[in-house]
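Right, one structure below, let's go through it.
The values are calculated or read from the model by the stated rules, or taken from the named source; none is laboratory data. This is a predicted model, so every value here is computed, not measured. Neighbour counts run over all protein chains shown; Cβ positions are idealised from the backbone, glycine included.
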Amino acid sequence: MNHFLSSAALEPSRFCLYIADIGDHGGDGAANHIYVIREPATLGNKDVDLVGQLKFTWTEQDAETLMISPDARLFIVSKVNGGHAKLAQIPSSAWNSNNVVRLDMSHTATLRISTSSNDPQGGDISPDGMSMLLVGEHDIYFYR
């Protein structure tokens, strides 16, 4: 089965693309797998080298937002459930591990988001790491 790669983000200091397969896939469940590839120098139909990968599990069922901080920390934001979304950090120890890493939910943040849509659908962290922007279908949420 082909799964839509829900989120891709660039970590500029290493010229890599982070590709997250974290969405619910219409009820099939999230794969919760993140891949890193070197950003190709040219566009075209060609193979790319896999730099790293990780697999994780957490309590949330759906997400589309993967964000990379300026110091290369990874954060995932769940879809809103009951007016709340979860923000969790993926530990760097998860990279290239043969194990599925369980995210520590005691270190998550709860974001209050009022929306009638299946949000958030994307987001980013500012270059100074002090602000976060989440994008919804009809709204933008800014956190400082």
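If I filter the range 8-39 down to residues being among the hydroxyl-bearing types (Ser, Thr, Tyr) and modelled with pLDDT of 85 or more, which single residue comes out as farthest from Gly129 (Cα to Cα)? Break it down into steps so the answer makes sense when it comes.
Kept after step one, since they are among the hydroxyl-bearing types (Ser, Thr, Tyr), are these residues of the range 8-39: 13, 18, 35.
Applying the additional criterion that residues be modelled with pLDDT of 85 or more yields 18, 35.
Numbers: Tyr18: 18, Tyr35: 22 Å.
Among them, the one singled out is Tyr35.
Could you tell me which numbered condition Ser116 fails, if it satisfies all but one of (1) outside any loop (DSSP other than H, G, I, E, B); (2) over 15 Å from Ala30 (Cβ atoms); (3) out of contact with any Asp or Glu (no Cβ under 8 Å at 6 or more places or on another chain)?
Tallying (1) outside any loop (DSSP other than H, G, I, E, B); (2) over 15 Å from Ala30 (Cβ atoms); (3) out of contact with any Asp or Glu (no Cβ under 8 Å at 6 or more places or on another chain), Ser116 fails exactly one: (1).
Residue check: is Gln53 in contact with a helix residue (DSSP H, G or I) (Cβ under 8 Å, 6 or more places away or on another chain), of a type outside the set (A, V, I, L, M, F, W, C), in a strand (DSSP E or B) and closer than 24 Å to Cys16 by Cβ? Write out each step before concluding.
Working: in contact with a helix residue (DSSP H, G or I) (Cβ under 8 Å, 6 or more places away or on another chain): no; of a type outside the set (A, V, I, L, M, F, W, C): yes; in a strand (DSSP E or B): yes; closer than 24 Å to Cys16 by Cβ: yes.
For Gln53, the condition - in contact with a helix residue (DSSP H, G or I) (Cβ under 8 Å, 6 or more places away or on another chain), of a type outside the set (A, V, I, L, M, F, W, C), in a strand (DSSP E or B) and closer than 24 Å to Cys16 by Cβ - is not met.
Which residue, of Met67, Met130, is hydrophobic (A, V, I, L, M, F, W, C), over 16 Å from the mean Cα position of the chain (by Cα) and either assigned to a strand (DSSP E or B) or modelled with pLDDT of 95 or more (or both)? Can you show your working first?
Numbers: Met67 fails: over 16 Å from the mean Cα position of the chain (by Cα).
One residue alone meets the criteria, Met130.
I need every pair where a residue in the range 81-107 that is on the phi > 0 side of the Ramachandran plot and of a type outside the set (A, V, I, L, M, F, W, C) has its Cβ under 8 Å from the Cβ of a residue that is surrounded by 12 or more Cβ atoms within 10 Å (Cβ to Cβ) and part of a loop (DSSP other than H, G, I, E, B), sequence separation at least 6 or different chains.
Hits for this filter: Gly83/Ile113.
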